[in-house]
Ligand code: PSU
Ligand code: MN
């Protein structure tokens, strides 16, 4: 039985990987399901541009007609951004998308897996998935278990308070995943610079981050979370964010949204309630994370 996975790697990306030049993977679920059109396409393009301007090669990842594609071209990126109905694929959904030749946007878990298969070690996104709050106790994102086994470093703005952050951090600890604050000792909460939860590792430069990542891999470690707080001038006030979140959660319960639809639903409602403030923050943090991931990738290859 042949169980080789076929990937389509954009030539520019394949060449950079082969020559050990810095490459940064970017995910597509945040494009297809995390942000509304056309801000999603603008954000995806701005993240790619930030990686390029920093001196690395961007590789946005998705599944196109069943083929895991590492490095979308601009037309492919636009099609993913324009297709609300595209499947949201986490690790468990990839086999279905591939075998049925579907288009799918990849989550952090699925993007990590495909990036690793392609030989990419750095990945930038907005926020990681984690353990949901008390009303959904069994909803724990596969992002967490992927971080436990796949050696890719994920630069993010923490995790949204849509999640149970203390529990998410405990699960990551159990799985031996370093959670590293970039310029902070508190785990960032996506739209809000801090969740108030202390973390035990802090770095202040891309070089320090790269050294930590390299040391973790020398120990046969797998995923690493590098968490950078959203910039203050676009951050949300914690109180007004929590009010918006509670209202959105009430609505989700009211209409019975669960599972993989929950995060996109909550994000959409919170954007409406905050009159787009969360969208502005989301755009800024994705671009900032792309830039930082590129800086770390440059240090790792250097
Ligand atoms: N957090 C965001 N926006 C997003 C996501 C997370 O702020 O779009 C996406 C990411 O792709 C993440 C996924 O990997 O949601 C987690 O989904 P789930 O909880 O269904 O595993
Ligand atoms: Mn889930």
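Some values worked out for this structure:
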item: Residue ID - nearest to ligand 1 (Cβ to nearest atom), chosen from residues in the stretch 134-144 that are touching a residue at least 40 places away in the same chain (Cβ under 8 Å) and out of contact with any helix residue (DSSP H, G or I) (no Cβ under 6 Å at 6 or more places or on another chain); result: 141
item: Matching residues, the stretch 105-128, being outside any loop (DSSP other than H, G, I, E, B) and within 16 Å of ligand 2 (Cβ to nearest atom); result: 105, 106, 108, 109, 110, 111, 112
item: Helices (runs of 4 or more DSSP H) completely within the stretch 202-301 that count 1 or more residues being under 17 Å from residue 25 (Cβ atoms) and over 17 Å from the mean Cα position of the chain (by Cα); result: 206-218, 277-301
item: Residue that is nearest to ligand 2 (Cβ to nearest atom), among those in the stretch 84-97 that are without any contact (Cβ under 8 Å) to a residue 40 or more places away in the chain and surrounded by 14 or more Cβ atoms within 10 Å (Cβ to Cβ); result: 93
item: Condition broken by residue 284, with the remaining ones in (1) within 14 Å of ligand 1 (Cβ to nearest atom); (2) within 29 Å of residue 200 (Cα to Cα); (3) buried (at least 20 other Cβ atoms within 10 Å of the Cβ) satisfied; result: (3)
item: Verdict on residue 199 being touching a residue at least 40 places away in the same chain (Cβ under 8 Å) and either within 16 Å of ligand 2 (Cβ to nearest atom) or touching a strand residue (DSSP E or B) at 6+ places or on another chain (Cβ under 7 Å) (or both); result: no
item: Those residues of the stretch 42-82 which are surrounded by fewer than 16 Cβ atoms within 10 Å (Cβ to Cβ), under 19 Å from the mean Cα position of the chain (by Cα) and more than 21 Å from residue 280 (Cα to Cα), in sequence order; result: 52
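Every read-out reported here was derived from the displayed coordinates using simple, explicitly stated rules and does not represent laboratory data. Treat the numbers as computed from the prediction; the structure is a model and nothing was measured. All Cβ positions, even for glycine, are placed from backbone atoms using ideal geometry, and neighbour counts span all protein chains on display.
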